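Reviewing the structure listed below.
The values are calculated or read from the model by the stated rules, or taken from the named source; none is laboratory data. Here the structure is a predicted model, which means the values were calculated and not measured. All Cβ positions, even for glycine, are placed from backbone atoms using ideal geometry, and neighbour counts span all protein chains on display. The area values use the complete protein model at the heavy-atom level, side chains included, leaving out ligands, DNA and RNA. Shrake-Rupley method; radii C 1.70, N 1.55, O 1.52, S 1.80 Å.
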Amino acid sequence: DRAVAGKTDGAKLRPGPEVEVQRRQVAMVLVVDRSASMGEQVGIYSKMDLAKRSALETAKALKRGDQLGVISFGRTGVPVVSLTDASNLDQIESELEKLRATDRQTLVRNALEQAQAMLEGSRAAVRHIVVISDGAIYDAGAIDHSAVLRAAQIKKRNITLSAILIGEMPGQTWVPQMTRLGGGKFYHSIDAGSLPRFVSVEVASARGRIGRQPVTGAAAKVDPV
């Protein structure tokens, strides 16, 4: 039926196209150094205490539906928290409490491979790895150039990689290269107390790359994240 100008009686409105709005999600895996030096005290906390606190604060900064995983690395990579909804704070805190700084080696490549596999199982729009360490990272007694190559492979899978190093960083020029190839950022500080702040910056950076976007329809209203 055709509506007469100025009148609406009897007029039929054709429904517009349905619009589905989907919140884009973040999946983040923290790869944490568990070498013995992470047990060193920094004030009243150890570096490991600060790493655990950083992981928990990361979960709090993410939103329900976002995902967090934690892998520790020493002689090999060990999953600490399997990729889980960031709102599962009790589970995350309980698993983090078991993490100890005891290993004498700092081998990161295997942990990166595990982090990649963990994130490839996620459908989140933003998938991100953050390596947290306090010093030299080696594999098989040599500077871990294989991690640089792994970072490039990770980036090809649409996963980005950043690194936070606490300490003097002797000869660690390959770590910034790893993060460049991994599409992420490199942070360095001799102050271990800055660790939680750096990790929160990474969360903010990841959140800045997401939002709510229309899946179908051209005129969908975008909700703020």
Problem - Under Karplus coefficients 6.51, -1.76 and 1.60, residue-wise ³J(HN,Hα) of the range 116-124 in Hz, glycine/proline x - result: 4, 4, 4, 6, 5, x, 9, 9, 4
Handout entry: Inter-label distance, nm, simple model (7 Å from Cα along the C-beta direction), ARG75/LYS63
Key = 4.3
Exercise for the section: List, in order, the whole-Hz ³J(HN,Hα) value for each residue of the range 67-76 obtained from phi through the Karplus relation with A = 6.51, B = -1.76, C = 1.60 and θ = phi - 60°; use x for Gly and Pro. Expected result: 10, 9, x, 9, 10, 9, 9, x, 5, 8
Problem - Antiparallel DSSP beta bridges within the range 39-95, percent to nearest 5 - result: 90
Fill in the blank from the handout: A chain fully extended from ARG104 to HIS188 at 0.36 nm per residue, minus the present Cα-Cα distance, gains in nm 28.0 nm
Practice task
Please list 149-158, 121-130, 66-75 highest first by mean number of surrounding beta-carbon atoms within 10 Å per residue.
Solution key: 66-75, 121-130, 149-158
Handout entry: the range 19-76, accessible surface, carbon-and-sulfur percent (1.4 angstrom probe)
Key = 43
Exercise for the section: Would you mind checking which residues have amide H under 5 Å from LYS185's amide H? H placed 1.01 Å from N; only 5 or more apart, or other chain. Expected result: SER162, ALA163
Practice task
Could you tell me which of rounded, prolate or oblate describes the range 74-117, using a ≥ b ≥ c as the square roots of the eigenvalues of the alpha-carbon gyration tensor, with rounded for a/c under 1.5 and, failing that, prolate when a/b is larger than b/c and oblate otherwise?
Solution key: oblate
Fill in the blank from the handout: Sorted by chain and then number, the residues having a modelled amide H within less than 5 Å of the amide H of VAL32, at least 5 places away or on another chain, are ILE71, SER72, PHE73, ILE132
